Amino acid sequence: QPPDWELFHGIREEVNAGISDIPIQNANQGLYPNCGTSRDYGYGVMGFPTFTFETDDDQFFPGTFEDVNERLGEELDVMRYLIDNIWYWRARLVLDSFELDDETVNFEVSNLGRASTSNASLQYLIDDEVVWESDNFIINATSSTRVSTSGFDFDSGGDWRFSYQKRVVDSAMWVNESVDVGEYELGFFAQSLATLVWALQIGIIPLLAICFAFWWAREEMPLEIHEEIPLEAELLD
């Protein structure tokens, strides 16, 4: 069975409970997830779960126990359910909380989808370049987890995003989704650097004033043009 079997088991339970009692397990027995040699075709690069609807040949002959139209009607109901709920057939990470404790980033994330994901991370970008990344984490379907990672010491103004696979299968697509972490305080080093820059910007004004006053005190006529002293010369016969 596929590595993300929990998703298919959940679909089976919900379909059998409220839509149809159509079997969802093995090949040639109702509705079954593509796996084995069909896995590459079933998932593809999109990473969506796929099913094969199997209708027994015996049902097309007279005297069968189930009308083919009714059977196809049930299958169409299941198809409609799968399409209407396609938003849930992957991992959907949502940031619940975020805080910066000195140089340690603490955040809580929930997975609203019905598929698990692994090797997920929270990234910080400056000018589209990843300059910091949290530890990788695994989060199961419809669950939440808390992650703490140190080493964040950058100025504010960058962008945050989640980077993860939609599902745990190898062919699942990687996604980078922007995250709004809200307001947060910078780490000690970043604060010190920002304070130093601010102090230099503010302190340059009195420094210039002191230099100007020193220059003024040393000049006898700082703002006047010195008159030329006429030269006395004696005419010779």
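How many nm separate the modelled label positions at Leu76 and Ile126, each set 7 Å beyond the Cα in the direction of the Cβ? Result: 5.9 nm between the two label points. Phi angles of region 110-124 translate, via the Karplus equation with coefficients 6.51, -1.76, 1.60 and θ = phi - 60°, into HN-Hα couplings of 10, 10, 7, x, 9, 10, 7, 9, 10, 6, 7, 7, 9, 10, 10 Hz per residue; Gly and Pro are given as x. Other residues with beta-carbon under 11 Å from the beta-carbon of Trp132 carry, at +1 per Lys or Arg and -1 per Asp or Glu, a net charge of -4.
What's log10 of I(q)/I(0) for region 93-179 at q = 0.23 Å⁻¹, Debye sum over Cα points only, no solvent? At q = 0.23 Å⁻¹ the computed log10 ratios are -1.17.
Bear in mind that the values in this text are calculations on the coordinates, not laboratory data. Just so it is clear, the structure is predicted and the values come from calculations on it, not from any experiment. A quick note on method: Cβ atoms are made from the backbone with ideal geometry, for glycine too, and the neighbour counts reach across all protein chains shown.
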